[in-house]
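Some notes on the structure that comes next.
The values are calculated or read from the model by the stated rules, or taken from the named source; none is laboratory data. The model shown is predicted, which means the values in this text are computed figures rather than measured ones. All Cβ positions, even for glycine, are placed from backbone atoms using ideal geometry, and neighbour counts span all protein chains on display. Each accessible area value is taken on the protein alone, full model and side chains, heavy atoms only, with ligands, DNA and RNA left out. Shrake-Rupley method; radii C 1.70, N 1.55, O 1.52, S 1.80 Å.
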Amino acid sequence: MIIGGPFELRKRYGENCWAGPAGMVSTLDLSPIAAQSEPADVVARGNALFLLDDAARVDLAKYHLFSAGSAAADATMRPVDRSAFRRLFGVGISDSTATLKDAIGQALMELSDSSGSSGIGSLQPAKSKRGYKLRIQFAGSWFEKFDASHPHVRKWLQRQRADLQKIYDRDGEERAGKVLDFTAREIKRATGSEPDIGALIPEKLKGKVKRGNAQTIVTDDFSDMVTIDDNWTAVSGDAINFSSNGASLDCMYPASWTRQVIRRNEALSAADHYSQLGSMTLSGSLTQLGLVGRCSNSDYTCYGVHSVYGNTGNAEIAKRIAGVETLLTGNFAMGVGAGVAWKLDIAGSDLTVTKDESEKSSVTDSSITGNLYGGIHWLSNGGVSSADVDDFELSDGLGGGVDGRRLSRIAGTRCPLLFPADSGGMLFSFGE
């Protein structure tokens, strides 16, 4: 079933966490981006759609039931549903909105906030073998081809420019130039032709940012250090709780409920990237261990996947906005072990988690864009478990995409895409 309504504020491991009601399988967060770091006020936090298992019991005085069926996202929108959607998410979906899918698409596209500052974040396209697609993974997976004629192109370009400005302000001119190069490469790879670089640069950065050379991959086998070195920064907790034994990284016992996150210092050239560990072992179950991606270098904002405390056979996907956690999934089967590879792959608004290249869970979230870092996450209650990780890899996928495969050159007819004059007159096509 799909319901809409408020998050629950839970106390987990000594800190606040936003989550759906009991039985939550996945969450589609349609709250304003600006409200997602709110630590205590349920009303101010905003609302979401929650996919629940069939056995879940929920107070329908607090939540609106949009669908009780198995094909939940295809549910027909009655007038009462459209009214509830508008009230819950603050967007004016049209009276002709036929299904819940249609309402979600409107909220994440034409009614979204392309500046990324206040309203619902704009859905970002992900690469596919044949160009780009706008995919929503909630109560199933459905997508639209993102091509030259798609009306969401304007908002995509606006958010790309806003991200480039943010990267310039936070990470500097050189990194902004690398991101610009990455974006241009991807457009050329998808279309076979070079875009107008000037059209990708916001007005305030004209003459300040030049196209650089995109960086593609960072690796660390932890074989050349005794303690965490200058390649890593503690985002949360204290980096001294990590050390190398000369062959791998030991996650040591921090103080009780001290969350440890270390971020690799090298910024990538795109917010579309993956973090991966090639081996993860635990000596006890009372821990969390995992990966973070699309991390900020200025605050604790990122996406992450981690093992479930007390059950290391399962994992969950979450996000952090200025340090405040929101769960995006319930538990799903994962498992850790020597030689077991976990990957958190972020492409557009797609978050995909794989184990040994087999997909285990995926979800859509459009809140965090423009962040270029990845790293490792660890939580213990202070003495009952330890962890060992190895073979860290972080890449912006210049040979990749959501599944790590190179995007093939697009064949066939291409129609040009002419942006309006206020977008800089950019001319290119996205392909088919």
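What to note about this one:
- Restricting region 1-59 to residues that are of a type in the set (Val, Ile, Thr) and more than 19 Å from the chain's Cα centre (by Cα), the residue that is nearest to Gly140 (Cα to Cα): Ile2
- Of the listed requirements (1) assigned to a loop (DSSP other than H, G, I, E, B); (2) in contact with a Lys or Arg (Cβ under 8 Å, 6 or more places away or on another chain); (3) under 20 Å from His306 (Cβ atoms), Ser37 misses just one: (2).
- Per the conditions (1) surrounded by fewer than 22 Cβ atoms within 10 Å (Cβ to Cβ); (2) within 18 Å of Ile120 (Cα to Cα); (3) of a type in the set (Lys, Arg), the sole criterion not satisfied by Arg45 is (1).
- Just so you know, in region 87-101 the residues that are open to solvent by 40 Å² or more (accessible area, probe 1.4 Å) and in contact (Cβ under 8 Å) with a residue 24 or more places away in the chain include one that is farthest from Gly5 (Cα to Cα), and it is Lys101.
- Inclusion of Ser193 among residues that are more than 20 Å from the chain's Cα centre (by Cα), open to solvent by 20 Å² or more (accessible area, probe 1.4 Å), more than 28 Å from Ala103 (Cβ to Cβ) and among the polar types (S, T, N, Q) is warranted.
- Members of region 149-174 that are surrounded by 20 or more Cβ atoms within 10 Å (Cβ to Cβ) and in contact with a Phe, Trp or Tyr (Cβ under 8 Å, 6 or more places away or on another chain): His152, Trp156
- Hey, Arg259 among the basic types (Lys, Arg) and touching a Phe, Trp or Tyr at 6+ places or on another chain (Cβ under 6 Å) or not: no
- If you go through region 333-360 and keep only what is within 21 Å of Cys295 (Cβ to Cβ) and outside any loop (DSSP other than H, G, I, E, B), you end up with Trp342, Lys343, Leu344, Asp345, Ile346, Ala347, Asp350, Leu351, Thr352, Val353, Thr354.
- Those residues of region 123-143 which are farther than 20 Å from Thr329 by Cα and outside any strand (DSSP E or B), in sequence order: Pro125, Lys129, Arg130
- Residues of region 76-122 that are in a helix (DSSP H, G or I), farther than 24 Å from Ile321 by Cβ and of a type outside the set (A, V, I, L, M): Pro79, Asp81, Arg82, Ser83, Arg86, Lys101, Asp102.
- Residue under evaluation Lys360, criteria (1) in contact with a Leu (Cβ under 8 Å, 6 or more places away or on another chain); (2) modelled with pLDDT of 95 or more; (3) farther than 26 Å from Lys178 by Cβ, criterion not met: (1)
- Residues that are touching a residue at least 24 places away in the same chain (Cβ under 8 Å), open to solvent by 30 Å² or more (accessible area, probe 1.4 Å) and of a type in the set (S, T, N, Q) within region 291-344 comprise Asn297, Ser298, Asn311, Thr312, listed in sequence order.
- Pick from region 68-86, criterion of a type outside the set (Val, Ile, Thr), at pLDDT 95 or above and over 26 Å from the mean Cα position of the chain (by Cα), ranking: most open to solvent (accessible area, probe 1.4 Å): Arg78
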